[in-house]
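Take a look at the structure set out below.
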Amino acid sequence: MSGTRAVRRGSGSARHGTGHWKLQRLTAIASVFTGLWFVAAMISLSGAPYAEIRAWLGSNFNATMMILLLISAYWHGALGLRTIIEDYVHTPALKVGALVAVKLLAFAFATSSIVAVLQVAIGS
């Protein structure tokens, strides 16, 4: 194989698709587990006053689970939007702009959501 690189089987032409696929599945699984926890928690807190919900979120476990839910959901959403953009946007400049916008917006919204959880949990 003089002058050519060996290509691993099943890794696609860009050799990065399997990592993206695995990460999308991992974030989906994480979102399912944290999502089920969230639904169960919201059912148990249904009708509770704000002070009780704030105390509930003040627990280290619940605040951590909420933050993990936010991270997995935003990350999974960004990965899904990336796939859609790569598959259906054919103008190179528009594709790059959309990909950058998705990453920046997902990061901004996730950060904002995490800060909100921390503010309620800490009580500021």
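When you check residue 57 against the structure, is it over 23 Å from residue 17 (Cβ atoms) and under 13 Å from the mean Cα position of the chain (by Cα), yes or no?
No.
It is to be established whether one or more residues within segment 13-36 are more than 20 Å from residue 110 (Cβ to Cβ), modelled with pLDDT under 95, of a type in the set (Ser, Thr, Tyr) and exposed (fewer than 13 other Cβ atoms within 10 Å of the Cβ).
Scanning segment 13-36 turns up at least one residue that is more than 20 Å from residue 110 (Cβ to Cβ), modelled with pLDDT under 95, of a type in the set (Ser, Thr, Tyr) and exposed (fewer than 13 other Cβ atoms within 10 Å of the Cβ).
Do you know which residues across segment 104-124 are under 20 Å from the mean Cα position of the chain (by Cα), surrounded by fewer than 16 Cβ atoms within 10 Å (Cβ to Cβ) and either at pLDDT below 95 or within 18 Å of residue 69 (Cα to Cα) (or both)?
Across segment 104-124, the qualifying residues are 105, 107, 108, 109, 111, 112, 115, 116, 118.
Restricting to segment 78-103, give me the number of residues that are among the basic types (Lys, Arg), loosely packed, with under 15 Cβ neighbours inside 10 Å and over 30 Å from residue 61 (Cα atoms).
Result for segment 78-103: 1.
Would you check if residue 83 is out of contact with any Leu (no Cβ under 9 Å at 6 or more places or on another chain), in contact (Cβ under 8 Å) with a residue 60 or more places away in the chain and over 19 Å from residue 118 (Cβ atoms)?
Criteria met by residue 83.
The values are calculated or read from the model by the stated rules, or taken from the named source; none is laboratory data. Everything numeric in this text was worked out from a predicted model, so none of it was measured. Every residue, glycine among them, receives a Cβ derived from its backbone with ideal geometry; neighbour counts consider all protein chains shown.
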